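K.L.:
Could you have a look at this structure, given as structure tokens, before my questions?
The values are calculated or read from the model by the stated rules, or taken from the named source; none is laboratory data. Being a predicted model, the structure only gives us computed values, none of them experimental. Virtual Cβ from ideal backbone geometry, glycine too; neighbours counted across all protein chains shown.
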Amino acid sequence: MAEFPLTAARLVAGFRRQRPLRGGSLIVTVFGDAITPRGGAIALGSLIELAAPFGLNERLVRTATARLAQDGWLEGRRVGKLSEYHLSKNGRERFAEATKRIYSEPDARWSGRWTLIVVPPMRAAQRRAIREELVWRGFGQISAGVFAHPEFDPRALRAQRRSAGVLAPVIAFDAAPAADDAPQRVIELGWNLEDLGMRYRRFVRRFAAVYAELRRRADAVPRDAFLVRTLLIHEYRRLHLRDPLLPAQLLRADWPGVQAAALCRDIYSRVFEASEVHLSRVAATLAGPLPPADPSVMLRFGGLRPLLQGFDH
């Protein structure tokens, strides 16, 4: 029988083979998935210890956190020779948006209407920043200055524009297609769903073996559970945030993103509790142990508690 630690070891070995080894990206995953629900702050020494099994040495972690702070994601504080990092205001807002997209179940409702964004003439750098923001929010670019999304949340868009954020200059329209084939043509122009589907299928192939081993074992070593949980969400986050999350009516019946989401939920539910044990043992703030996880974490993927019954760490 395959041992669960071998699963963690294979995943870690795959991560370590990446070149370059992107420490900052993994630290973003750890903050968003594990640290944010536990108060949002962690001592640098604890972060270094958490990151070590992934192949990130102390120098890499220090460099990555300093860069994330410089980019406005994190803020640090020092007490003597010790340091602690927490999310900045901008970081909290971005993590809240990403958390909703990653862990929430898709909204099955869709009226058939579209949100169109027109970007007026402006400097190239500003246009590039707007494009990156819109693509991150799931919009597809259908021409040089026009972006589309199936009925994007108007409250989020208004909040961005009112706050004088990067989307403040754009012009937004609520639109209905005038021809039956218009939605499909917009999809073909705006998104490469074939490539995204291929990436989802690769994710499913890789993590199906992990799930099979988890089902053969009733328990999980806390450290290995944390490794699996982190790399699961790291891979799923980077993939899922590419997904425009189109309504089911616009996707083929066997869209692999559905299978990937279900697999991610099932693995996460099986390793979550044990991984929290490891987090409590290793991680702390400068003031002491991490606080308990916010109860909202149990609502991830539609609710973790029912899937955790019978779990024994």
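K.L.:
Could you tell me whether any residue of the stretch 127-137 is buried (at least 18 other Cβ atoms within 10 Å of the Cβ) and modelled with pLDDT under 90?
P.N.:
Yes, there is a match, as at least one residue in the stretch 127-137 is buried (at least 18 other Cβ atoms within 10 Å of the Cβ) and modelled with pLDDT under 90.
K.L.:
A further question follows. Does Tyr211 count as within 25 Å of Leu47 (Cβ to Cβ), of a type in the set (Ser, Thr, Tyr) and either modelled with pLDDT under 95 or touching a helix residue (DSSP H, G or I) at 6+ places or on another chain (Cβ under 8 Å) (or both)? Full working, then the answer.
P.N.:
Details: within 25 Å of Leu47 (Cβ to Cβ): no; of a type in the set (Ser, Thr, Tyr): yes; either modelled with pLDDT under 95 or touching a helix residue (DSSP H, G or I) at 6+ places or on another chain (Cβ under 8 Å) (or both): yes.
Answer is no for this residue.
K.L.:
Still on this model: Which count do you get for residues in the stretch 12-51 that are more than 14 Å from Glu235 (Cα to Cα) and either of a type in the set (Asp, Glu) or touching a strand residue (DSSP E or B) at 6+ places or on another chain (Cβ under 6 Å) (or both)?
P.N.:
7
K.L.:
Something else about it: Restricted to the stretch 70-80, and to residues that are within 16 Å of Thr285 (Cβ to Cβ) and not β-branched (Val, Ile, Thr), which residue is surrounded by the fewest Cβ atoms within 10 Å (Cβ to Cβ)?
P.N.:
Per the stated criteria, the residue is Gly80.
K.L.:
Considering every residue within the stretch 87-95, establish whether at least one is part of a strand (DSSP E or B) and out of contact with any Asp or Glu (no Cβ under 6 Å at 6 or more places or on another chain).
P.N.:
yes
K.L.:
Determine, yes or no, whether Gly257 is modelled with pLDDT under 90 and not hydrophobic (A, V, I, L, M, F, W, C).
P.N.:
When the stated conditions are applied, Gly257 does not pass them.
K.L.:
Being of a type outside the set (D, E, K, R) and closer than 16 Å to Thr230 by Cβ, is that true of even one residue in the stretch 103-124?
P.N.:
yes
K.L.:
Which one is modelled with the lowest pLDDT among residues in the stretch 214-224 that are touching a Phe, Trp or Tyr at 6+ places or on another chain (Cβ under 8 Å) and in a helix (DSSP H, G or I)?
P.N.:
Leu214
K.L.:
All but one of (1) under 29 Å from Trp136 (Cα atoms); (2) touching a Leu at 6+ places or on another chain (Cβ under 8 Å); (3) among the acidic types (Asp, Glu); (4) in contact (Cβ under 8 Å) with a residue 60 or more places away in the chain hold for Asp266, so report the exception by its number.
P.N.:
Failed condition: (4).
K.L.:
Report the residue count in the stretch 243-265 for those that are over 19 Å from Phe207 (Cα atoms), among the aliphatic types (A, V, I, L, M) and in a helix (DSSP H, G or I).
P.N.:
Here the count works out to 2.
K.L.:
Gly145 is checked against (1) touching an Asp or Glu at 6+ places or on another chain (Cβ under 8 Å); (2) over 15 Å from Gly32 (Cβ atoms); (3) surrounded by 17 or more Cβ atoms within 10 Å (Cβ to Cβ); (4) not polar (S, T, N, Q) and fails just one. What number does that condition carry?
P.N.:
Result: Gly145 passes all but (1).
K.L.:
Could you tell me which numbered condition Phe203 fails, if it satisfies all but one of (1) in contact (Cβ under 8 Å) with a residue 24 or more places away in the chain; (2) not hydroxyl-bearing (Ser, Thr, Tyr); (3) not in a helix (DSSP H, G or I)?
P.N.:
It fails just one condition, (3).
K.L.:
Among the residues of the stretch 24-39, is any surrounded by fewer than 16 Cβ atoms within 10 Å (Cβ to Cβ), part of a loop (DSSP other than H, G, I, E, B), among the small types (Gly, Ala, Ser) and under 21 Å from the mean Cα position of the chain (by Cα)?
P.N.:
no
K.L.:
When you go through His240, His278 one by one, which is the residue that is surrounded by 19 or more Cβ atoms within 10 Å (Cβ to Cβ) and either modelled with pLDDT of 95 or more or among the polar types (S, T, N, Q) (or both)?
P.N.:
None of the others qualify; the one that does is His278.
K.L.:
Taking the stretch 59-86, which residues are in contact with a strand residue (DSSP E or B) (Cβ under 6 Å, 6 or more places away or on another chain) and in a helix (DSSP H, G or I)?
P.N.:
Thr65, Leu68, Ala69
K.L.:
Also: Filter the stretch 78-99 down to the residues that are in contact (Cβ under 8 Å) with a residue 24 or more places away in the chain and farther than 26 Å from Arg300 by Cβ and list them by number.
P.N.:
Residues satisfying the conditions are Val79, Leu82, Ser83.
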